[in-house]
Amino acid sequence: MPAIMQAAVLYGKEDVRVEPVPVPEISAGELLVRVRTALTCGTDVKVFRRGYHARMIQPPALFGHELAGDVAAAGANVSGFRTGDRVVAANSAPCDDCFFCLRGQPNLCENLLFNNGAYAEYIRIPQRIVEKNTYFIPDHLDYKDAALAEPLACAVRGLDESGLEAGDTLAVLGLGPIGLMFVRLAKYCYGARVLAIARRLEQIDRAIMLGANEGVLLGEEAAVIHEVQNRTSGRGADVVIEATGHPAMWELATRIVRKGGAINFFGGCPAGTRVGLDTALLHYSEITCKATFHHTPHHVRRALDFIAAGSVTAAHLVNQEQPLSRLPNVLADLACRRNGQIKTAIIP
């Protein structure tokens, strides 16, 4: 095993460099994983634009968090994994002992341990993640498929928390990678009818290919509200997922959900953002407003099961493949929405 590897290091705003760094050293209970595939992510694009993430990463730091690979070495006291095993490791693990963990909210763990460094030849998996949030890859799955488990888990939790049931009409606002995951999951795993809403026709077409029943182009607010009502017998959608992270779309979501329906403000808006909501509408229509952050080990396991069953795979969402050396260019293209990228598989 080499002492030096190539890895992406985040230095600041739009400053990611692929450079030689030491191969991580592992301690007792840890794994060293040779990365076979790392996937780009909307969160990584946000971090690239802003230069940091308040909870997950502060520069300078190794970068990337969606990965699948092979165990290259196992530290002392590791049980259950050995060299050569194909694994997918999530990017976090809860403590299971704090106020929130004991109340069934491990995604809000006061000591939530994050891990970054997927855009590299090797990554160290900390002991807590090894024990609580690392999984074998089923033999029939490609590494690209398995690496979808982490982001898909966030979407699975979002639908669970929104109370989506079979036969419901779900409106998805925003059709980036995570929005498309919601479309695919809702249709083929939850049995919902899906309305896909976005600004560009090619996004609508892609969503319909992935299972959306109908599409609505974003334009004037009144026109969008009218279109959604027309397709839902005048009532509005049972559940709305806001997956853009734009304040105006948060407000629009409250106007396309039915009385007694639920909204999930899944897309995180920039820090300091304020949103104006119609309090009379929320109150008298009994609208439930939710927001879901991150995932839990339970949802990672469920996501991997959906992937293993073929319900959501890399063929649905990963439309480019690039070597690690091209990562800065890939992130720049994603930030500018160039080249029609959805998710790119980075191959170290």
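Going through 192, 186, 166, 120 one at a time, which residue ends up being on the phi < 0 side of the Ramachandran plot, among the aliphatic types (A, V, I, L, M) and in contact with a Lys or Arg (Cβ under 9 Å, 6 or more places away or on another chain)? Even if it seems obvious, please write down each step before you answer.
Values: 192 fails: in contact with a Lys or Arg (Cβ under 9 Å, 6 or more places away or on another chain); 166 fails: in contact with a Lys or Arg (Cβ under 9 Å, 6 or more places away or on another chain); 120 fails: in contact with a Lys or Arg (Cβ under 9 Å, 6 or more places away or on another chain).
Unique residue meeting the criteria: 186.
Limited to the range 208-231, what total is found for residues that are touching a strand residue (DSSP E or B) at 6+ places or on another chain (Cβ under 8 Å) and aliphatic (A, V, I, L, M)? I'd like the intermediate steps shown before the answer.
From the range 208-231, those touching a strand residue (DSSP E or B) at 6+ places or on another chain (Cβ under 8 Å) are 208, 211-218, 224, 227-228, 231; that's our starting set.
Now restrict to residues that are aliphatic (A, V, I, L, M): 208, 212, 216-218, 224, 228.
Counting residues in the range 208-231 that are touching a strand residue (DSSP E or B) at 6+ places or on another chain (Cβ under 8 Å) and aliphatic (A, V, I, L, M) gives 7.
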Filter pass, residue 237 being within 21 Å of the chain's Cα centre (by Cα), among the aliphatic types (A, V, I, L, M), modelled with pLDDT of 95 or more and buried (at least 21 other Cβ atoms within 10 Å of the Cβ):
no
Would you confirm, using the coordinates I've provided, whether residue 330 is under 14 Å from residue 344 (Cβ atoms), under 14 Å from the mean Cα position of the chain (by Cα) and modelled with pLDDT of 95 or more?
no
Filter the range 82-115 for residues that are in contact (Cβ under 8 Å) with a residue 12 or more places away in the chain and either within 14 Å of residue 34 (Cα to Cα) or not assigned by TED's automatic domain parsing to the domain that holds residue 31 (or both) and give the result.
83, 84, 85, 86, 87, 88, 89
Give me the residue from the range 273-330 that is outside any helix (DSSP H, G or I) and of a type in the set (D, E, K, R) and, out of that set, nearest to residue 130 (Cα to Cα).
321
Could you tell me which residue of the range 47-74 is nearest to the chain's Cα centre (by Cα), considering only residues that are surrounded by fewer than 18 Cβ atoms within 10 Å (Cβ to Cβ) and hydrophobic (A, V, I, L, M, F, W, C)?
54
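Go through the range 268-281 and count every residue that is within 21 Å of the chain's Cα centre (by Cα) and over 22 Å from residue 159 (Cβ atoms). Full working, then the answer.
Let us first name the residues in the range 268-281 that are within 21 Å of the chain's Cα centre (by Cα), namely 268-271.
Pick out the ones that are also over 22 Å from residue 159 (Cβ atoms) and you get 270-271.
Going through the range 268-281 one residue at a time, the tally reaches 2.
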With respect to residue 265, determine if the residue is in contact with a helix residue (DSSP H, G or I) (Cβ under 9 Å, 6 or more places away or on another chain), surrounded by 14 or more Cβ atoms within 10 Å (Cβ to Cβ) and assigned by TED's automatic domain parsing to the domain that holds residue 165.
yes
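Could you identify the single residue in 202, 221, 242 that is touching a residue at least 60 places away in the same chain (Cβ under 8 Å) and more than 24 Å from residue 166 (Cβ to Cβ)?
On the way: 221 fails: touching a residue at least 60 places away in the same chain (Cβ under 8 Å); 242 fails: more than 24 Å from residue 166 (Cβ to Cβ).
So the residue among 202, 221, 242 that is touching a residue at least 60 places away in the same chain (Cβ under 8 Å) and more than 24 Å from residue 166 (Cβ to Cβ) is 202.
For every residue, the table says whether it meets (1) assigned by TED's automatic domain parsing to the domain that holds residue 69; (2) over 18 Å from the mean Cα position of the chain (by Cα); (3) in contact (Cβ under 8 Å) with a residue 24 or more places away in the chain; (4) at positive phi.
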{"residue": "260", "(1), (2), (3), (4)": "no, yes, yes, yes"}
{"residue": "283", "(1), (2), (3), (4)": "no, yes, no, no"}
{"residue": "303", "(1), (2), (3), (4)": "no, no, yes, no"}
{"residue": "308", "(1), (2), (3), (4)": "no, no, yes, no"}
{"residue": "319", "(1), (2), (3), (4)": "yes, no, yes, no"}
{"residue": "322", "(1), (2), (3), (4)": "yes, yes, yes, no"}
{"residue": "340", "(1), (2), (3), (4)": "yes, yes, yes, yes"}
Residues of the range 142-161 that turn out to be surrounded by fewer than 24 Cβ atoms within 10 Å (Cβ to Cβ) and touching a strand residue (DSSP E or B) at 6+ places or on another chain (Cβ under 6 Å), as a count
3
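Inspect all residues belonging to the range 51-61 and state whether any of them is touching a helix residue (DSSP H, G or I) at 6+ places or on another chain (Cβ under 7 Å) and either within 22 Å of residue 135 (Cβ to Cβ) or without any contact (Cβ under 8 Å) to a residue 24 or more places away in the chain (or both). Step through it out loud before you land on a result.
Of the residues in the range 51-61, the ones touching a helix residue (DSSP H, G or I) at 6+ places or on another chain (Cβ under 7 Å) are 53, 57.
Keeping just the survivors that are either within 22 Å of residue 135 (Cβ to Cβ) or without any contact (Cβ under 8 Å) to a residue 24 or more places away in the chain (or both) gives 53.
For the range 51-61, residues touching a helix residue (DSSP H, G or I) at 6+ places or on another chain (Cβ under 7 Å) and either within 22 Å of residue 135 (Cβ to Cβ) or without any contact (Cβ under 8 Å) to a residue 24 or more places away in the chain (or both): present.
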From 98, 109, grab the single residue that is surrounded by fewer than 23 Cβ atoms within 10 Å (Cβ to Cβ), touching a Phe, Trp or Tyr at 6+ places or on another chain (Cβ under 9 Å) and modelled with pLDDT of 95 or more.
109
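The values are calculated or read from the model by the stated rules, or taken from the named source; none is laboratory data. None of these values were measured; they are calculated from a predicted model. Virtual Cβ from ideal backbone geometry, glycine too; neighbours counted across all protein chains shown.
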